[in-house]
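The next block holds one structure in the form of structure tokens; read it before the comments.
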Amino acid sequence: MKDSLYTNFDDQKFVEEKIKKAQNRITIVVLSLTALVAFALFTRALFPSGNSASSTTEPKFEGILGNSRREESAVGAVLEVQPCPGDTRGDKRCNHDPTHRVCANIGLSDTSFWEFTGQTSWCGSVSNYGKYGDPTHDGELRCPESEPSWCICKWATARWIKEEGCNDNVQFNCAATDVCNLKNSYDDFNVNLKPAHDCMKVKCKAKWDDCP
């Protein structure tokens, strides 16, 4: 019994030692894995993209963006709306409301603009916009024959061209016309702007083609 008892005790002790060693190994493995994970997280924090290539590509990408911005600025300068010489409102530019975007020569004595748009001519009359708070050009003649241009409505442009056709009697000041606004508009006061589009892209082709 004694031998048997001690034998059983020794076997139990042996098993316990085996278990303890196994537990130590597991602890070591767990600690090693924890260290590896911590190292991986630390590395990722230092290099968010996972590799150092991003640090070399980002400056190039920023350079491309810079070129794009410079190109946009250049296009903006080309497409800037210049003053419409015969207009006597404010800074004379055709970009202050949604419809008066076309600088056209409507102050000529033989123009068909008034007939085909159903309006009464104001060209040659004295400007008096001071009563509306803008006296800048009061006393000047509106669209006189010497400077017959005026900022006209998009709908009037389309109606005029639809009846007159896109001929020499229809004259635009392309530099003073907001061509891109017209290009991106399709109706104005329920008037289809296709006739205006078809004529503008011929008479002001350079600006039309430069529009986005």
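What follows draws every value from the coordinates through simple rules; no lab data is involved. As the structure is a prediction and not an experimental result, all values here were calculated from the model. So basically every Cβ, Gly included, is an ideal-geometry build from the backbone, and we count neighbours across all protein chains shown.
In the structure displayed, which of K131/K154; K162/K183; K162/K207; K131/K183; K92/K162 lie more than 24 Å apart, Cα to Cα? Pairs exceeding the cut-off: K131/K154; K131/K183; K92/K162. Residues W155, W114, arranged from fewest to most other Cβ atoms within 10 angstrom of their Cβ, appear as W114, W155. Once you list every other residue whose beta carbon is under 9 Å from the beta carbon of T117, what net charge do they have if Lys and Arg are +1 and Asp and Glu are -1? That works out to -1. Sorting T111, T120, T177 by the number of Cβ atoms found within 10 Å of their own Cβ, with the fewest placed first, yields T120, T111, T177. Close amide H contacts of L141 (hydrogens built in the peptide plane, cut-off under 5 Å, sequence separation of 5 or more or a different chain): S127. Take every Cα pair under 8 Å whose residues are at least 6 apart in sequence, average their separation, divide by the length of the range 93-212, and the relative contact order is 31 percent. By the count of other C-beta atoms within 10 Å, a proxy for reagent exposure, C103, C153 are ordered fewest to most as C153, C103. Once you reduce the range 138-160 and the range 119-137 to the center of their Cα atoms, the two points are 11 Å from each other.
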